[in-house]
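Chemist: Supplied in structure tokens, the structure appears directly below.
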Amino acid sequence: MTEGNDEKSAQKLARRHLRIMHACEKGATGVYWGHRLVASLLFRDLIPQLTEMHGHEVEHFAVFGGLMRARGVRPVVVPTLWCAGGIAYGVLTALGGRRAVWRSTAVIEGIVERELTEAARFFKGRDREVHRAIEVILQDELAHKTQGEANSPGEQAVDKFVTPLAKAGAQASKTFAERL
């Protein structure tokens, strides 16, 4: 493979990472919105924590959007679809109870941690600004994951529903971000 092809492959992978992260952050805004909707009816004490996490996801979406615009990377087609999917998932899982909200958070943020870590490795030495943004965002996501794990220790029956649903939703979000 020639140097030009290597560079072309790297640029393609950079666009892919940015699109996936951007779209998935939009989905995460929907997840926390859905969780907050149900919490407003059933678990009002969770609203401050969920609102804070939702705010982080909104910020992350904006950061990745800015990085994409600066690099001429087009966003996914109709990013609102990711948000709508996140809302549906967030409502569905939150109806499973408090533990389902926290287990969902732990599982999804674990997936996000892996994606961001992979992207950070890729951008390190290639694009300092993107790498730094990922590192900062990763801290928020790890805090969300830790909070989710702390509030859903061990294993319970609802986890058998939430965990595979979270994994499937995250994979679908990533797959569609790569293609749309």
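Chemist: Could you figure out which of (1) within 22 Å of Leu165 (Cβ to Cβ); (2) touching a His at 6+ places or on another chain (Cβ under 8 Å); (3) modelled with pLDDT under 95; (4) not aliphatic (A, V, I, L, M) isn't true of Thr93?
Modeler: Answer for Thr93: the failing condition is (3).
Chemist: Oh, and also: Which members of region 42-76 meet the condition of being charged (D, E, K, R) and either modelled with pLDDT of 95 or more or not in a loop (DSSP other than H, G, I, E, B) (or both)? Before you say what the answer is, go through the steps one by one.
Modeler: So in region 42-76, the residues charged (D, E, K, R) come out as 44-45, 52, 57, 59, 69, 71, 74.
If the condition is that a residue be charged (D, E, K, R) and either modelled with pLDDT of 95 or more or not in a loop (DSSP other than H, G, I, E, B) (or both), then Arg44, Asp45, Glu52, Glu57, Glu59, Arg69, Arg71 are the ones that fit.
Chemist: With the checklist (1) buried (at least 17 other Cβ atoms within 10 Å of the Cβ); (2) more than 17 Å from Lys167 (Cβ to Cβ); (3) within 14 Å of the chain's Cα centre (by Cα); (4) among the hydrophobic types (A, V, I, L, M, F, W, C) in hand, flag the one item Ala143 doesn't pass.
Modeler: Going through (1) buried (at least 17 other Cβ atoms within 10 Å of the Cβ); (2) more than 17 Å from Lys167 (Cβ to Cβ); (3) within 14 Å of the chain's Cα centre (by Cα); (4) among the hydrophobic types (A, V, I, L, M, F, W, C) one by one, Ala143 breaks only (1).
Chemist: Can you confirm whether region 80-103 contains a residue that is under 16 Å from the mean Cα position of the chain (by Cα) and over 16 Å from Tyr32 (Cβ atoms)?
Modeler: Checked region 80-103: at least one residue is under 16 Å from the mean Cα position of the chain (by Cα) and over 16 Å from Tyr32 (Cβ atoms).
Chemist: Considering region 95-140 alone, what residues qualify as being crowded, with 16+ Cβ neighbours inside 10 Å and not in a helix (DSSP H, G or I)? Show your work before the answer.
Modeler: Taking region 95-140 and keeping what is crowded, with 16+ Cβ neighbours inside 10 Å, we get 96-112, 115-116, 119-120, 122-123, 127, 130-131, 133-134, 137-138, 140.
Across region 95-140, the qualifying residues are Gly96, Gly97, Asp127.
Chemist: Can you pull out every residue in region 17-73 that is among the β-branched types (Val, Ile, Thr), surrounded by fewer than 21 Cβ atoms within 10 Å (Cβ to Cβ) and either at positive phi or more than 14 Å from the chain's Cα centre (by Cα) (or both)? It would help to see each step written out before you state the result.
Modeler: Kept after step one, since they are among the β-branched types (Val, Ile, Thr), are these residues of region 17-73: 20, 29, 31, 38, 47, 51, 58, 63, 73.
Imposing the further condition that a residue be surrounded by fewer than 21 Cβ atoms within 10 Å (Cβ to Cβ) reduces the set to 47, 51, 58, 63, 73.
Hits for region 17-73 are Ile47, Thr51, Val73.
The values are calculated or read from the model by the stated rules, or taken from the named source; none is laboratory data. A quick note: this is a predicted structure, and the numbers were derived from the prediction, not measured. Here Cβ is always computed from backbone atoms with ideal geometry, including for glycine, and neighbour counts include all displayed protein chains.
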